[in-house]
Amino acid sequence: MEILRNLVDGAVLMMGLMPLLMIFIGVAVGIVLGTIPGISTSMAVALLLPFTFTMTPINGIALLLGCYKGGNYSGCIPAVTINTPGTPSSVPTLFDGYPMAKSGRGGEALGILLWGSFVGGIFGTIVLILFATPIARWALTFWSAEYFALCVLGLATVATLGGKHWPKALAAVLLGLLINTIGMDPILGTQRFTFGVIRLFDGFGLMPVMIGLFALGELFHNIEGYKTSDQKFEKHTYTYPKFVYYWRLKGAMLRASVVGTLVGILPGAGSAIASFLAYDFEKRISKNSDMFGKGAPEGVAASGASDSANTGGSLVPMLALGIPGAPTVAVLMAAMMIHGINPGPEMFNNEPELVYGIFATMFISSIFVLIIGFLGTKLWVRTTNIKKPILYTMIIMFTVIGSYAIRSSLLDVGICIAFGIIGWLFKRYGFPVAPVVLGVVLGRIMEMNFRQALMRDGAASFYARPLTVIFLSLAVLSVIVPIYQGRKAEKKAELAKAAAISDETNNDA
């Protein structure tokens, strides 16, 4: 009852005209910026941060949380419309979202994404309210070995993403891990493969690499096969399914919400891990697993729901323990400190209205995301109706601007173009691109925790704690099971082919 009473007080606090206006503006700005490839959610929140300096803490936090929720949702929109993920966590969305758009089901994919984001956002907020302190304390007991094992489990999903071409997927993820060796050593501080270039001391920027691999890689691939007869872009009929259609996907959305929230609670784990794990889990249990990667609605629902649910989970360690659970949450934490608020356990005693006001803001933001997203879906899906030369020009413009704007560096533009060529070559020779991004996203976290675990207890770190063993065992099974199933299917196909040849020979005789 006390939780409900405090939540009502927080809702009353945020139901004023200015807080509601700030939430609405934040969601709208977040959605607009999130649809631009290269503008990450953390960047969007950081851009709004200076505008909160003259605001009250309530209004400032409302603006930034709204932007966080809006940007988190809209980062998946370009993944559906132009095969360009707005954020690393939206990469799994394009596996099925973009094929759906190409087949004339762009509105359907965006509708699934919108409702998945809404369900995930509400679910993550409920978990945030009910289990903030106890779950955060449990997550804090994780040692470096557990984090390393979790990263290995995330990388093991490439066994599924690569299908029967798992060696190519393995090579792709190793490339992603190797990319992370460029820059300063995270433990010793020595230079690695920087060749004296100061801009490379921090390694390759994630956004230029990601934009290059997906946006420019896809662009170069399309240009290679472009014909003058393709000048007129086929217009797709916009259809927005009825609510019953989305209700059938409730299981996928709820399962992905659980994964996204639990991973979000782990400080530093990130929404990318949650999104990949949710997508992989849904593919494994789906009766239509063969459709994943070709336009499966469950894949879009899983990615969108887990990504949005991760926002609620990532706030748990910040509010309960004062530890930012994600880069965007670190910006939010800095904003709170600027306003004289110290996130942590004492907030529940000293600033209970503000804590539950944040909870209420998360609910309200999810509703605004649903409303604004619904009203703007027709606008988003129209990007698939743009003629190819115009679309290609726009993609080049966004990729150059997006890669340059992050650090105002022409080197990042060059990196983007270079990885665009790599992405094009990958597509030409059948190598999956997603494992590269996953290796880049998890590489630094994986290396840090691996070395810290070795320095702490040596090799015993990886078998002394049960949770580490469970994660590593699941990772091994994630690799072995698909390979075994693939070889079994190949043998079955060979036997069927041999039987068909034998029958044909007998008939001829």
> So how many Å³ per residue does the convex hull of the Cα atoms of the range 390-462 work out to?
Replying inline: 125 Å³
>> Loop only by DSSP, 10 or fewer other Cβ within 10 Å of the Cβ. Give me the chymotrypsin sites (Phe, Trp or Tyr not before Pro) in the range 429-509 that pass, ordered by residue number.
In response: Tyr429
>> Can you compute 3J(HN,Hα) from phi for each residue in the range 419-435, using the Karplus curve 6.51 cos²θ - 1.76 cosθ + 1.60 with θ = phi - 60°, rounded to whole Hz and x for Gly and Pro?
In response: 6, x, 5, 4, x, 5, 5, 4, 5, 5, 9, x, 8, x, 8, 4, x
> Lys427: net charge of surrounding residues, Cβ under 10 Å, Lys/Arg +1, Asp/Glu -1, itself excluded?
Replying inline: -1
> With contacts defined as alpha carbon pairs under 8 Å and 6 or more residues apart, what's the relative contact order of the range 68-130 in percent?
Replying inline: 24 percent
> Quick one: Cα centre-to-centre distance for the range 59-120 and the range 241-262, in angstrom?
Replying inline: 14 Å
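No lab work stands behind these numbers, since they all come straight from the coordinates. All values derive from a computational prediction rather than experimental measurement. Don't worry about glycine lacking a Cβ; one is built from the backbone with ideal geometry, like all the others, and counts go over all protein chains shown.
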